[in-house]
Protein chains: 2
Amino acid sequence: MLIVLSGPSGVGKGTVRQAMLAGDYRDFQYSISMTTRNMRPGEVDGVDYYFRTKEQFEHEIATGGMLEYAQYVGNYYGTPLKYVNQTLDSGRDVLLEIEVKGAMQVREKCPDGVFIFLTPPDLSELKHRLTGRGTDSAEVIEKRITQAADEIAMMANYDYAVVNDKVDLAVKRIERIIESEHLRVPRVIDRYKSMLDADPISQSK
Amino acid sequence: MLIVLSGPSGVGKGTVRQAMLAGDYRDFQYSISMTTRNMRPGEVDGVDYYFRTKEQFEHEIATGGMLEYAQYVGNYYGTPLKYVNQTLDSGRDVLLEIEVKGAMQVREKCPDGVFIFLTPPDLSELKHRLTGRGTDSAEVIEKRITQAADEIAMMANYDYAVVNDKVDLAVKRIERIIESEHLRVPRVIDRYKSMLDADPISQSK
């Protein structure tokens, strides 16, 4: 099963992903992204990112090797398809932690994936703030409303909305989602059906 | 949110429901069924069932008062609509524990409900038995295959399949499903959208 964790920039996707990797629930494999940006001190190729040249990255794009990719500040970032497919073929879940644009590319290619939208806690508290005692200026409020409208529009393309109020709570919610998704009938019924096909009696009928 | 727990007869739906009611997770209200069968020693009207006469039950059916109903061995069993609606309107989840025929009636009326199919543990172990060392007779195997085919056909109409291998594990899985379903975007996005509508600035635009 492909699990896509995404959300607006600054929501804390990376922190939640790191907490998931450090936690007890490890029934998934994290898909390491590929980038053309320079390695920073302490980063390791193949751990933090696959660090590649622009030419290498563009070759991957041209040969269909990227599940999703985008450019930020002159650098490419993306998910190599090969590793995702290998892990899924081995029967393990794959976790992607990517930007919303990339997530929408994945949604088109993998509609069966589980798409989780991490929401900023102040989005769910927005009404409280907007109808509150006017501590925010009209300008600040208007800006936050525009941003909230954008965030809600993004959310509409996802399966689940998880509030990142506390990292450990967000992680627990995501883990529950993963476990529940594995019980969904469309994901399990073929396994049940195949048991019947394997039976010698019904085949001889 | 309406939660429908169902499954083939003998799978242990009642036991799982009772364990849910006795457990720590109580963010739901159990919907008591109505029946025309006689009260048994120790049973209480309004606790175990709403005990009604055949005439009263048929009056409910005629006036659209039943969410679902069926007859078994000459008696009616069913779910009164009024109580379900009252509880849903109050914002609480409602749990129904009903037979598969009734569940399909509810599915038609409440497509947004969460439909959970409890599966017998030997269904998931069926392949093992069928391809095993032949301790079952051909007759027993054939009968179990027919039954399994029926169970899998029923399962196709549900959202989730939960194996009832151990009652406490089945309960945990159901609780996780309920919690995750509450995070599904179609269930929450209107609440987010309504925050924007409530805002005085965007209304004045």
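Against the conditions (1) loosely packed, with under 14 Cβ neighbours inside 10 Å; (2) modelled with pLDDT under 70, where does A:L130 fall short? Just the number, please.
(1) is the only condition that A:L130 fails.
Please specify each residue of the range B:31-54 satisfying the condition of being at pLDDT below 95 and assigned to a strand (DSSP E or B).
Selection gives B:Y49 alone.
Which condition from (1) over 17 Å from the mean Cα position of the chain (by Cα); (2) without any contact (Cβ under 8 Å) to a residue 40 or more places away in the chain is the one that A:T36 breaks?
Answer for A:T36: the failing condition is (2).
So is A:R26 farther than 28 Å from A:S90 by Cα, of a type in the set (K, R) and part of a loop (DSSP other than H, G, I, E, B) or not?
In short, no.
Given the conditions (1) aliphatic (A, V, I, L, M); (2) outside the structural domain of B:Q105 (by TED's automatic domain parsing); (3) buried (at least 16 other Cβ atoms within 10 Å of the Cβ), report the number of the one that B:M39 does not fulfil.
If we test B:M39 against (1) aliphatic (A, V, I, L, M); (2) outside the structural domain of B:Q105 (by TED's automatic domain parsing); (3) buried (at least 16 other Cβ atoms within 10 Å of the Cβ), just (3) comes out false.
When the range A:157-173 is examined, which residues are found to be more than 9 Å from chain B (Cβ to nearest Cβ) and either touching a residue at least 24 places away in the same chain (Cβ under 8 Å) or part of a loop (DSSP other than H, G, I, E, B) (or both)?
Residues satisfying the conditions are A:N164, A:D165, A:K166, A:V167, A:D168, A:A170, A:V171.
The values are calculated or read from the model by the stated rules, or taken from the named source; none is laboratory data. What you see is a predicted model; the values in this text were computed from it and never measured. Please note: Cβ atoms are built from the backbone with ideal geometry, for glycine as well, and neighbour counts cover all protein chains shown.
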